[in-house]
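The block underneath contains the structure these notes are about, expressed in structure tokens.
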Amino acid sequence: MNLIRKSSLSPQQRWLIEDVLREHPFSQIHQLHVSKSEPLSVPAPILTCNKKLGAEPHQPVPAESDFWLKRQVIELLDAIKELGEGVIEKIEVRHGLPWTVKTVRPAVAARSKS
């Protein structure tokens, strides 16, 4: 796994990390469209947000600070790159980090026997 700094991300990757994951630390992201191995903000994904009752307010890292990405974020970016074109059905977010990723893709057709 390569180490990646936030400052090296594309604008679309920064949008996903800062505006979606960071701002919605306990959520599910549905229907995230991917094109040319980049997450798309249009059409906007659908967010299902969870609020933990009785918990201290979430204090995200300030957006302007640069930092090394955590392993889970790097793996999400790798999954987006691997998908290339399509839609990520669901990303579950816990504590501001991607927890699970659900993708849907067509099955490979069976080879005919000759």
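The values are calculated or read from the model by the stated rules, or taken from the named source; none is laboratory data. Quantities reported herein were computed from a predicted structural model and do not represent experimental measurements. Counting neighbours? That spans all protein chains shown, and the Cβs are built from the backbone with ideal geometry, glycine included.
Brief remarks on what is shown
- Scanning region 71-114 for residues that are touching a Leu at 6+ places or on another chain (Cβ under 7 Å) and without any contact (Cβ under 8 Å) to a residue 40 or more places away in the chain gives Gln72, Val101, Thr103.
- Verdict on Trp68 being among the aromatic types (Phe, Trp, Tyr) and over 11 Å from the mean Cα position of the chain (by Cα): yes
- One residue stands out in region 39-69 among those that are modelled with pLDDT of 95 or more and touching a Pro at 6+ places or on another chain (Cβ under 9 Å): the one that is surrounded by the fewest Cβ atoms within 10 Å (Cβ to Cβ), namely Pro45.
- Checking each residue in region 97-112 for being within 12 Å of the chain's Cα centre (by Cα) and either at pLDDT below 80 or β-branched (Val, Ile, Thr) (or both) picks out Thr100, Val101, Thr103.
- Flag for Leu76 being in contact with a helix residue (DSSP H, G or I) (Cβ under 6 Å, 6 or more places away or on another chain) and not small (Gly, Ala, Ser): no
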